[in-house]
Amino acid sequence: MTFEQYLEESQARHLDELFALLRIPSISALEENRSDCVHAASWLAERMKQAGLEHVQVYPTAGHPLVYGDWLHNPDAPTVLIYGHYDVQPVDPLHLWRSEPFEPQVRNERIWARGVSDDKGQLFLHIRAIEALLQTEGKLPVNVKVLFEGEEEIGSPHLGPFISEHAAQLAADLLVVSDTGMAATGVPTICCGLRGICALEVRLTCANTDCHSGLFGGAVPNALHALTALLAKLHDERNKVAVPGFYDSVKELSAAQRKQLAAVAFDETELLRRLELSAFAGEEGYTVKERISIRPTLELNGLWGGFLGEGSKTVIPAQAFAKISCRLVPDQDPQQIAQLVASHLQRLCPPYARLEVEIGHGGRPYVCDPDTPEVQAISKALSATFGQPVAMERMGGSIPIVDTFVTVLQAPVILMGFAPPDANAHAPNESMELSTWRLASRAICRAWYELAKSA
Ligand code: BES
Ligand code: ZN
């Protein structure tokens, strides 16, 4: 039997197995889901053993566990380190899901569940591919090391130290990550750049208690007013980030690079339609495509304070809170940018308020060299499987650990992702097309053959 036949025949069973993984609510951000993350890790370890991986081990961390396994019986072939994450983002607002986030369903030729695109559905493609090759050929064309983590969606706080401590164990010729998207449905895509990230949380305090807005309104400062006034000063009238120094180390794209970016098909009208938007917003002087991929941003992710319950309450809130994150591009440094934002906010804070800023997780941006033999080999496999040329794209999302891998392991990275553009990752109704899920494991098997050939 060929691996193609094996994958075809095992499709239904593999889908059932993926559903079992999708049912585990491994939300890394929430304390109440801690044991679900442990469960997902041990589920994966079992499944990796079944697929034929060896030395499979769950590594506990101070946060959520890591899972490692390998198959290293091809001394003359290159070694690929495959990375993915089994944790998912929170699911609220729950009422907007058309089916339960952790009760996977197939509708309209798509799988619907939290994590199906980001990233459980994608990491499972690799397990399927390894199993298919070992079952049909008895061996893999390359050596593989597989590392899955459970903290990607919270900034991978414990993976960096693990990589440094296990650098020899993780040594590889190539890192492969399937946690990115496709340029368009059915278009095989290699992502050649990711934005970095830094996160901050802000607490602004005025009085030592909430006050009656009738008895004190007009004189006692309102924390929500103070905070929103501050936050409004984070962008200027051209929608540029107004934090001094924010753009200092940003590399401007050359005219040729901008032309190349514009050449990749991107349907703005379709995106407006899908989001029911009448217009886009953002930085003047850049195309929508540029704004969402190669320009840095600063966004409010959450803003709260005062009374949020039913009905009205006449109160002057004493405190107000915000969550902020910035997407970063070469050569912005996450620590430095977070510090610049924090100092800017402190400088603008009015004398009647006190501001506390906590700097959270961070990760550096990443840009790849599109002209390497590894990219060529994998592109060949992808285009042969999907019957279309490969799109090479820089994307706006972040995978914080990629830069650490590159720095510590000194190996190139290939981001070959299979999430559709309308995957709704991080949002209600996350999905992936069955057709892509079917083809992608085949593409992965072929990629290992092409890689072995090119080495
Ligand atoms: N899979 C995404 C990243 C991604 C998606 C990159 C599509 C490129 C294209 C990843 O799981 C993710 O969402 N990462 C977070 C990281 C953050 C929480 C530290 C992100 O980008 O928000
Ligand atoms: Zn992801």
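The values are calculated or read from the model by the stated rules, or taken from the named source; none is laboratory data. Everything numeric here is computed off the predicted structure, so don't read it as measured data. Cβ atoms come from the backbone with ideal geometry, glycine included; neighbour counts cover every protein chain shown.
List the helices (runs of 4 or more DSSP H) that sit entirely inside the range 340-455 and contain at least 3 residues that are modelled with pLDDT of 95 or more and more than 16 Å from ligand 1 (Cβ to nearest atom). First the steps, then the outcome.
Working: elements: 373-386, 401-409, 434-454.
Per the criteria, 373-386, 434-454.
When only residues in the range 4-37 that are in a helix (DSSP H, G or I) and in contact with a Pro (Cβ under 6 Å, 6 or more places away or on another chain) count, which is farthest from residue 63 (Cα to Cα)?
Looking at residues that are in a helix (DSSP H, G or I) and in contact with a Pro (Cβ under 6 Å, 6 or more places away or on another chain), I get 19.
Residue-wise test of (1) under 22 Å from residue 382 (Cα atoms); (2) touching a Ser or Thr at 6+ places or on another chain (Cβ under 9 Å); (3) not β-branched (Val, Ile, Thr).
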| site | (1), (2), (3) |
| --- | --- |
| 126 | yes, yes, yes |
| 129 | yes, yes, yes |
| 146 | yes, no, no |
| 163 | no, yes, no |
| 166 | no, no, yes |
| 170 | no, no, yes |
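Out of all the residues in the range 147-189, which are β-branched (Val, Ile, Thr), buried (at least 18 other Cβ atoms within 10 Å of the Cβ), more than 12 Å from ligand 1 (Cβ to nearest atom) and assigned to a loop (DSSP other than H, G, I, E, B)?
187
Of these, 189, 185, which one is touching an Asp or Glu at 6+ places or on another chain (Cβ under 8 Å), within 16 Å of ligand 2 (Cβ to nearest atom) and at negative phi?
189
Between residues in the range 378-396 that are under 18 Å from residue 444 (Cβ atoms) and small (Gly, Ala, Ser) and residues that are modelled with pLDDT of 95 or more and part of a helix (DSSP H, G or I), which pairs lie under 6 Å by C-beta distance while being six or more apart or on different chains?
Cβ pairs passing all conditions: 381/443; 381/446; 381/447; 381/450.
Picking from 62, 77, which residue would you name as being away from ligand 1 (no atom under 16 Å from the Cβ), under 23 Å from residue 413 (Cβ atoms) and among the small types (Gly, Ala, Ser)?
Selected residue: 77, the only one of 62, 77 that is away from ligand 1 (no atom under 16 Å from the Cβ), under 23 Å from residue 413 (Cβ atoms) and among the small types (Gly, Ala, Ser).
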